[in-house]
Amino acid sequence: MQDPISIDIKNRRIATSPELADACFTCGTCASGCPATNLVPGWDPRKAIRAIALGLEQEVIDSKWPWVCTLCGRCQYACPMGVQLIKTFRTCRILRERDLVPDPLHRGTMMNFERGNNLGIPTDDFLFLLADLGVEMEEDEKQPCPGFYVPVDKEGANIIVTVNSKEPFAEPDDMKFWWRIFYAAKEDWTISSTNWEGVNWGLFSGDDENWKIQVGRVLENARRLKVKTILYPE
């Protein structure tokens, strides 16, 4: 089936074809399997699609629905008519004015753009933490890793690892799980000293420009260090 929804980003609207009303016959299958149904009063996947079909797309864009929806895809998978719900709801995020995007997502996206990670952790603090954690692993009383250190900006490694900034910020020991695997497997790996963020909030917030910028930075790190594989532990 041809996608009944045409997306017009340039003109900041979701242009729907007349066939959408016929494609969606309001069976409710999408809403019945949606984990976000009833979390936003008055909204569920069926009601959002119907509103767009009736020309009320701005009401959907301005509502909390596109942000409570996790874009998990259960609604689209279950839809007997093949309506592209995920593309539609993510486009609602794209079309939201950036200063009206939920604050943590927008702030994190801009922090990543300006400082290279979602939480704005300074480079010196990050490098100090990596060195300190490396010593902890090497000298661990229960599971020592003799000779272990965190290889930063190592050229020619097999794997470059990205990092979820919440780990160095609040849960640094979580990074050790991967490091112990690398140590046991004698893996050749590295972490970049800059632009190491592995969680792309531009993807989640509908900020496609910053989404692409972050992806480009990760690729540039891999090319700069001549690394074969990029790992997203996230």
Let me confirm something: among E167, E220, which residue is in contact with an Asp or Glu (Cβ under 8 Å, 6 or more places away or on another chain), part of a helix (DSSP H, G or I) and not assigned by TED's automatic domain parsing to the domain that holds K87? E167
From (1) on the phi > 0 side of the Ramachandran plot; (2) assigned to a helix (DSSP H, G or I), pick out the condition that doesn't hold for D99. (1)
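Filter the range 172-223 for residues that are of a type in the set (K, R) and without any contact (Cβ under 8 Å) to a residue 12 or more places away in the chain and give the result. Talk me through it step by step, then tell me what you get.
At the first step, the residues of the range 172-223 found to be of a type in the set (K, R) are 176, 180, 186, 212, 217, 223.
Passing the criteria: K186, K212, R223.
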In the range 70-104, what residues are of a type outside the set (F, W, Y) and within 18 Å of T26 (Cβ to Cβ)? R74, C75, Q76, A78, C79, P80, M81, G82, V83, Q84, L85, T88
From L130, L119, residue being hydrophobic (A, V, I, L, M, F, W, C), assigned by TED's automatic domain parsing to the domain that holds E171 and part of a helix (DSSP H, G or I): L130
Would you check if there is a residue in the range 138-149 being out of contact with any helix residue (DSSP H, G or I) (no Cβ under 6 Å at 6 or more places or on another chain) and either assigned to a helix (DSSP H, G or I) or within 19 Å of F113 (Cα to Cα) (or both)? yes
If C92 meets every condition in (1) surrounded by fewer than 19 Cβ atoms within 10 Å (Cβ to Cβ); (2) under 18 Å from G202 (Cβ atoms); (3) touching an Asp or Glu at 6+ places or on another chain (Cβ under 8 Å); (4) of a type outside the set (V, I, T) apart from one, which number is that one? (1)
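So, in the range 59-83, how many residues would count as being outside any helix (DSSP H, G or I) and either buried (at least 18 other Cβ atoms within 10 Å of the Cβ) or among the polar types (S, T, N, Q) (or both)? Steps first, please.
Within the range 59-83, the subset outside any helix (DSSP H, G or I) is 63-64, 69-73, 79-83.
Next, from what is left, pick out any that are either buried (at least 18 other Cβ atoms within 10 Å of the Cβ) or among the polar types (S, T, N, Q) (or both): 63, 69-70, 79, 83.
Of the residues in the range 59-83, 5 are outside any helix (DSSP H, G or I) and either buried (at least 18 other Cβ atoms within 10 Å of the Cβ) or among the polar types (S, T, N, Q) (or both).
The rows are residues; the columns are (1) closer than 25 Å to R93 by Cα; (2) under 22 Å from the mean Cα position of the chain (by Cα); (3) crowded, with 19+ Cβ neighbours inside 10 Å.
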position	(1), (2), (3)
G116	yes, yes, yes
A170	no, yes, no
W178	no, yes, no
V215	yes, yes, no
K226	no, no, no
I230	no, yes, no
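The values are calculated or read from the model by the stated rules, or taken from the named source; none is laboratory data. This structure is a prediction, so every number in the text was calculated from the model and none was measured. Note: ideal-geometry Cβ built from the backbone for every residue, glycine included; neighbour counts use all protein chains shown.
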